[in-house]
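Please read the structure below before turning to the comments.
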Amino acid sequence: MTEPATGEEPMALAAARLRTAGMRVTVQRMAVLAAVSEAACHLDADALRRRAQRVTGGLSLQATYNVLRALTEAGLVRCTQIPGHPARYEVEHRDNHHHFVCLRCAAIRDVECTVGAAPCLEPQLPTEYDIQEAAVTFWGVCPGCRAAAPAP
Ligand SMILES: [Zn+2]
Ligand SMILES: [Zn+2]
């Protein structure tokens, strides 16, 4: 986790990350990357758009998706697809972590990699396949939903 920053600092930090990744620095990219960095959880594009446009002014969802795709391709942001829900985004830490997803509220939280190095699962595949990563999603019910409506 990065320490919470306020004011200009997240934007400056985002600009530095963009430059390190060899990307052109734009206000939209800085604002979206800063929004991803400051989020304590995995947010979808619309939530990030609302945060980013405090800096950019009016920002369309399509523009937000375009920026997120560029940031993901550059390895700065990690995108997690959950069937039936919009993709969620977080800063890419290259720690090979997995996710728990609540079946009721779609809350998502990180689960440490059980082994620590990718790939952490050995699939039954012929050796001609070059396995580089295993992404595991654990599905279940989060504590909040369990408290609100315990299983019968
Ligand atoms: Zn839940
Ligand atoms: Zn995560």
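Ligands, DNA and RNA are left out, and with a 1.4 angstrom probe the accessible area of region 15-114 is 52 Å² per residue. Annotation: residue 120 carries an accessible surface of approximately 20 Å², with a 1.4 Å probe and no ligand, DNA or RNA atoms counted. Global size of region 98-148: 14.5, 48 Å for Rg and Dmax (C-alpha atoms, Rg to one decimal, Dmax whole).
Over the C-alpha atoms of region 9-91, the Rg to Rh ratio, Rh being the Kirkwood estimate, stands at 0.93. Please report the antiparallel percentage of DSSP beta bridges with both residues in the chain, rounded to the nearest 5. Counting only bridges with both partners in the chain, antiparallel ones make up about 75 percent. Rounded to the nearest 500, the 222 nm mean residue ellipticity of the chain from helices alone is -11000 deg cm²/dmol, with -39,500 (n - 2.57) taken per DSSP H run of at least 4 residues.
Considering only 131, 82, 108, the mean-square fluctuation computed in a Gaussian network model of the chain, springs between alpha carbons under 10 angstrom, is largest for 131.
Each Lys and Arg adds +1 at its Cβ and each Asp and Glu adds -1 at its Cβ; summed about the Cα centre, region 9-91 shows a dipole of about 160 debye. Ligands, DNA and RNA left out, the accessible area of region 9-91 computed with a 1.4 Å probe is 51% carbon and sulfur. With a cut-off of 14 Å between beta carbons, the residues surrounding residue 105 carry a summed charge of +3, where Lys and Arg count +1 and Asp and Glu -1. Model label points for residue 21 and residue 145, set 7 angstrom from Cα along the Cα-to-Cβ axis, are 3.0 nm apart. Peptides 69-77, 132-140 ranked from most to least packed, by the mean per-residue count of other Cβ atoms within 10 Å: 69-77, 132-140.
Farthest toward the positive end of the dipole of the chain, out of 41, 56, 103, is the Cα of 56, where the dipole comes from beta carbon charges about the Cα centre. If we count every other residue with Cβ under 11 angstrom of residue 25's Cβ, Lys/Arg +1 and Asp/Glu -1, where does the sum land? Once positives and negatives cancel, what remains is +4.
For the chain, relative contact order (Cα pairs under 8 Å, six or more residues apart, normalised by length) works out to 17 percent. Annotation: the chain has a Kirkwood hydrodynamic radius of 17.1 angstrom, from the mean reciprocal C-alpha pair distance.
The values are calculated or read from the model by the stated rules, or taken from the named source; none is laboratory data. Everything numeric in this text was worked out from a predicted model, so none of it was measured. When we count neighbours, we look across all protein chains shown, and the Cβ atoms used for this are built from the backbone with ideal geometry, even at glycine. Calculation scope for accessible area: heavy atoms of the full protein, side chains included, ligands and nucleic acids excluded. Shrake-Rupley method; radii C 1.70, N 1.55, O 1.52, S 1.80 Å.
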